[in-house]
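To keep things clear, I will list the structure first and then write my remarks on it.
The values are calculated or read from the model by the stated rules, or taken from the named source; none is laboratory data. Everything numeric here is computed off the predicted structure, so don't read it as measured data. Neighbour counts are summed over all protein chains in view; Cβ atoms, including those assigned to glycine, are modelled from backbone coordinates with ideal geometry. Surface accessibility is based on the protein's heavy atoms, side chains included, excluding ligands, DNA and RNA. Shrake-Rupley method; radii C 1.70, N 1.55, O 1.52, S 1.80 Å.
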Amino acid sequence: MSVRLRLSDRARLAELHGEAVVLHLRTGRYFAANATGTALLRALAAPDGATVEGLVEGLVQVHGVDRPRAAADVDAWLARLRAAG
């Protein structure tokens, strides 16, 4: 079974015109996301969260990137989110 990832309960997601901002409630820092990042954040904010494989598959299907590139991009993006708390 794959691990389900979710947006931290210390973060809030707001969307406007296809882009998103995530606010970290404890630090007050915020992070902007482009349309691709917004789709990934939306998946993480869903009630059931998302798996890494599901995030990768979304990039492959929607943006037509090859799977190894999508996997590397998702891994790097998730590392940045984890580092930010």
Any idea how far the Cα center of region 59-75 sits from the one of region 1-15, in Å? 20 Å
Candidate span helices, the chain: DSSP H, at least 24 Å along axis from Cα coords, Kyte-Doolittle average at least -1.0, result 67-84
Of the peptides 67-77, 23-33, how do they stack up when ordered by the mean number of other Cβ atoms within 10 Å, highest first? 67-77, 23-33
Find out how many positive minus negative residues lie around residue 10, taking Lys and Arg as positive, Asp and Glu as negative, among other residues whose Cβ is under 14 Å from that of residue 10. +4
Expressed as a whole percentage, what fraction of the accessible surface of the chain belongs to carbon and sulfur atoms when a 1.4 Å probe is rolled over the protein heavy atoms? 56 percent
Cut-off under 5 Å, modelled amide H: who pairs with residue 51 long-range: 5
